[in-house]
Amino acid sequence: MSSTIEEIGSIIGAQRSGNTPAAIDWILTDSRSLCFPEETLFFALKTKRNDGHKYIPDLYTRGVRNFVVSDLPENLADYPDANFLQVAQPLKALQRLAAKHREQFQVPVIGITGSNGKTVVKEWLYQLLGPDRVVTRSPRSYNSQIGVPLSVWMMNEQTELGIFEAGISEMGEMEALKPIIQPTIGILTNIGGAHQENFASTQDKCMEKLQLFKDCDVIIYNGDNEQISSCVSKSLFTAREIAWSMKDTERPLFIEHIQKDETGTTIKYRYLGFFKEYRIPFIDDASIENSLHCLAVALYLMVPPETIAERMLHLEPVAMRLEVKEGKNGCVLINDSYNSDFASLDIALDFMARRTEDKGRKRTLILSDILESGQTGSLLYRQVADLVHSRGVDKIIGVGPEISAASSRFELEKHFFRTTTELIDSGILNGLRNEVVLIKGARAFHFDAITDLLELKVHETILEINLNALVDNLNYYRNRLKPETKMVCMVKASAYGAGSFEIAKTLEDQRVDYLAVAVADEGADLRKAGINSSIIIMNPEVTAFRTMFDYKLEPEVYSFHLLDELIKAAEHEGVSNFPIHIKIDTGMHRLGFLSEEIPHLIDRLHRQSAVIPRSVFSHLVGSDAERFDSFTRKQIETFEQASTALQEGFKHKILRHICNTAGIERYPGAQFDMVRLGIGLYGIDPFTNKVLHNISTLKTTILQIHDVPADETVGYSRKGTLQRDSRIAAIPIGYADGLNRHLGNGHGYCLVNGQKAPYVGNICMDVCMIDVTGIDCKEGDKVIIFGDALPVTTLAEWLDTIPYEILTSVSNRVKRVYYQD
Ligand SMILES: *Cc1c(COP(=O)(O)O)cnc(C)c1O
């Protein structure tokens, strides 16, 4: 859809110098993205940090002849056949041109604004609506004052629906974007704190964003958000509103029920009197909200609820940026294997061409049929071939019948296959060497199989968890119990660092009686992830009682104050007979009721019915050490008396428990009704300090190896002076991953190919160095920080601490990987 330079000149009200005839197809604001010089119009924009005018000479050399400028070049004679359109503000001119372009189209256009979720909502709408109509949408998150006009410029005769994002960071910006997008359907995703600095209040920001929707036919938003609702009514728009709500049945789209389970969320809704439902393969709240916005749009566009449900089920996660990964055989992979439309191909090729770090590498494109376009085959693939040639691609591997049929258009090294399987079976992928490989395919082609094949595996720091070993440990302790003794498994502190959900799930499958966590949020997370076992909260916060009632999380109660607050809250919520666990202090002197308080406690409990004691327990101070045996026996005796006294006050059975891991092992007579297993589950015997079945291995990979001569130092502060010529390896783990800084300077070692490699110098935040002199190893080799051959207990000894601390210190950013052997 080209325009002549004359037309454009008159639309933007420019002063023209030069009179070469030209037809313009492409607009360029970033000189690095140049692709089709003859048909390109370059806008020389001035930003805070840069000035587009600087790039005019270079672009002219590369064949560009058309420029929009605010300042004419001094030596116009150097550009004999160029056209310069001079305006006061090139950015305004760009916006004006896009607005004029938009006016040509009478199709529905969706405008999306809000603080978060814009790109996801846009991409999901595309996934939901794209199969039935030709959609033009913002590429990636082109939502700025420059990105929006560039996006809208992509609309053409084929476009049947536009979907554009608008992001703003200052007052007044929406006014500029509105005429460019001219949305007929408006979505306000939400209002948060992002970009707050340039607005007096979130109210101001909300009102500003709503400017976009002034002339919309319909506005879609979260009706439960009071701020947004009040801003919408203040705006006095005449548009129809589809506010969705989970609370207010009067709203046009009422969300009746949301049910999360392990693999997804089922959402029931009522619209125009009909009750329907759909399911998405996500369980986080943001995804649920995003899907509700999309639902409202789809319903408004009269997509049948059955079609919506079918497509919702297959929503794909949205990759927010191109993913660059290390490939096998020295390759670099650029993964864009979720879609393949023309615009995103252009962006991805541009991204590949710009990567200076890959200079000298061959550029290979693996491309599927382009399924998501209104264009017909021959024209489309001619354009694709032009793009591929001009972006400097060296080799194309095409997959699919359509691209294969167009193979003659590609003039470069080329290979074509009808299916992804044929490509994989051909073996050609194994021959890729030192290339940058852009993998770009429509979802239907399942290019993730290609990425999987080409990707270099395990080059990161991970904590591997062996779930079989966990079950072995559980059974080891179970075998020490009387058959009728119940068990609480401690999964507090993310299951001693192993990651609470998978551990809890495994334990639930083993039918343990109770799980215990420290705080209510940990328990709520387990419930949200689908754990149904009984859960005890060891440190119930007064502010989290609601959460506990909602998710049936049973609190420990250790004081009258806490008990009173809990009863008050339960009565207020109309809760009755809520199970609680009474803690008695028998010598730890941390938390708990004293023996002499039991009569008063019984009395207090009798005078209410909101809560009911399910169990009574105490905690041993030194069950893992012989030297405390007489104290431990005294604790057990005190507990025996206090718990009996409590039981005598009630008719129902109250479970009694005092043993932790070491107690189970060493005091078989003190099992009472239940025991609480902690560290033993994770493989450590606290009495012998031996490892039963190791469940966790912290491992990483060698990034780089240097030969460093004697007397040099390694790392910060010149701490590690080398005594001999050494080979020093850097590994991607530091104190921010939980590698204790005191291990540095030779205070500990890790294992490289089974051999001891001491830490050299100070451990850094994200990386540390190890001495691999004399060890047969190379870059990419595995490094074990702790695991079977180097137990956590050894690290604990070096650091003068307990294994509990080592395990719980592995930070969240270290990926947990679970396996069963
Ligand atoms: C953590 C904890 C346990 C488990 O202790 P281990 O020594 O890990 O077995 C038992 N009871 C209570 C109250 C705890 O907080």
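The values are calculated or read from the model by the stated rules, or taken from the named source; none is laboratory data. From a predicted model like this one, the values you see are computed outputs, not experimental measurements. With ideal geometry, Cβ positions are generated from the backbone for all residues, glycine too; neighbour counts draw on all protein chains shown. The area values use the complete protein model at the heavy-atom level, side chains included, leaving out ligands, DNA and RNA. Shrake-Rupley method; radii C 1.70, N 1.55, O 1.52, S 1.80 Å.
Hey, can you tell me all the residues within the range 788-821 that are more than 19 Å from G744 (Cα to Cα) and surrounded by 19 or more Cβ atoms within 10 Å (Cβ to Cβ)?
V814, R816
What number goes with the only condition from (1) more than 23 Å from K214 (Cβ to Cβ); (2) open to solvent by 10 Å² or more (accessible area, probe 1.4 Å); (3) assigned to a helix (DSSP H, G or I) that P179 does not pass?
Here P179 meets the rest and fails (1).
Give all pairs with beta carbons closer than 6 Å in which a residue from the range 794-821 that is under 16 Å from I679 (Cα atoms) meets a residue that is among the hydroxyl-bearing types (S, T, Y) and within 16 Å of the ligand (Cβ to nearest atom); count only pairs at least 6 apart in sequence or on separate chains.
So the pair list comes out as P803/T793; L807/Y496; T808/Y496.
Has the range 697-712 got at least one residue that is within 14 Å of the ligand (Cβ to nearest atom), modelled with pLDDT of 95 or more and surrounded by 16 or more Cβ atoms within 10 Å (Cβ to Cβ)?
no
Yes or no: G117 within 26 Å of M207 (Cβ to Cβ) and surrounded by 17 or more Cβ atoms within 10 Å (Cβ to Cβ)?
For G117, the condition - within 26 Å of M207 (Cβ to Cβ) and surrounded by 17 or more Cβ atoms within 10 Å (Cβ to Cβ) - is met.
Tell me, which helices (runs of 4 or more DSSP H) lie completely within the range 487-544 with 2 or more residues that are surrounded by fewer than 23 Cβ atoms within 10 Å (Cβ to Cβ) and within 16 Å of the ligand (Cβ to nearest atom)?
Correct list: 492-496.
From (1) touching a helix residue (DSSP H, G or I) at 6+ places or on another chain (Cβ under 6 Å); (2) more than 27 Å from C231 (Cα to Cα), pick out the condition that doesn't hold for Q86.
Looking at each condition in turn, Q86 falls short on (1).
Does any residue in the range 699-710 that is free of Cβ contacts under 8 Å to residues at least 40 places away in the same chain come within less than 6 Å, Cβ to Cβ, of a residue that is outside any strand (DSSP E or B) and among the charged types (D, E, K, R) six or more places away or on a different chain, and which pairs are these?
Matching pairs, first to second residue: P709/D725; A710/R724; A710/D725.
Got a sec? Which of G192, G162 is in contact (Cβ under 8 Å) with a residue 40 or more places away in the chain, surrounded by 16 or more Cβ atoms within 10 Å (Cβ to Cβ) and not in a helix (DSSP H, G or I)?
The match here is G162.
Applying the selection to the range 614-631, what residues are within 13 Å of the ligand (Cβ to nearest atom) and either open to solvent by 50 Å² or more (accessible area, probe 1.4 Å) or touching a Lys or Arg at 6+ places or on another chain (Cβ under 9 Å) (or both)?
S615, V616, F617, S618, H619, V621, S623, D624
Here are some residues: D58, D78, D51. Which one is more than 24 Å from V152 (Cβ to Cβ), within 39 Å of the chain's Cα centre (by Cα) and outside the structural domain of V152 (by TED's automatic domain parsing)?
Matching residue, one of D58, D78, D51: D51.
Filter the range 766-792 down to the residues that are touching a helix residue (DSSP H, G or I) at 6+ places or on another chain (Cβ under 7 Å) and modelled with pLDDT under 95 and list them by number.
D766
Out of the range 713-735, which residues are on the phi > 0 side of the Ramachandran plot and exposed (fewer than 12 other Cβ atoms within 10 Å of the Cβ)?
Matches in the range 713-735: S717, R718.
Condition first: closer than 30 Å to S169 by Cβ, open to solvent by 10 Å² or more (accessible area, probe 1.4 Å) and within 26 Å of the chain's Cα centre (by Cα). Can you find one or more residues in the range 246-265 that meet it?
Checking the range 246-265: not a single residue is closer than 30 Å to S169 by Cβ, open to solvent by 10 Å² or more (accessible area, probe 1.4 Å) and within 26 Å of the chain's Cα centre (by Cα).
In the range 736-759, what count of residues is obtained for those that are assigned to a loop (DSSP other than H, G, I, E, B) and closer than 18 Å to T808 by Cα?
Adding up the residues that qualify gives 3.
Does T421 qualify as being part of a helix (DSSP H, G or I), at pLDDT 90 or above and closer than 26 Å to P317 by Cα?
yes
Applying the selection to the range 195-244, what residues are assigned to a loop (DSSP other than H, G, I, E, B), open to solvent by less than 70 Å² (accessible area, probe 1.4 Å) and modelled with pLDDT under 90?
F199, S201, F237, A239
Which residue is nearest to the ligand (Cβ to nearest atom), if the candidates are limited to the range 578-599 and must be farther than 16 Å from E556 by Cα and in contact (Cβ under 8 Å) with a residue 40 or more places away in the chain?
G587
Please enumerate the residues belonging to the range 649-694 that are more than 9 Å from the ligand (Cβ to nearest atom), in contact (Cβ under 8 Å) with a residue 60 or more places away in the chain, over 15 Å from F617 (Cα atoms) and within 40 Å of the chain's Cα centre (by Cα).
Hits for the range 649-694 are G683, N689, K690, V691, L692, H693, N694.
When you check K100 against the structure, is it assigned by TED's automatic domain parsing to the domain that holds I168 and either of a type in the set (D, E, K, R) or surrounded by fewer than 17 Cβ atoms within 10 Å (Cβ to Cβ) (or both), yes or no?
no
I'd like to check something: does the range 760-767 contain any residue that is more than 16 Å from the ligand (Cβ to nearest atom), surrounded by 17 or more Cβ atoms within 10 Å (Cβ to Cβ) and in a strand (DSSP E or B)?
yes
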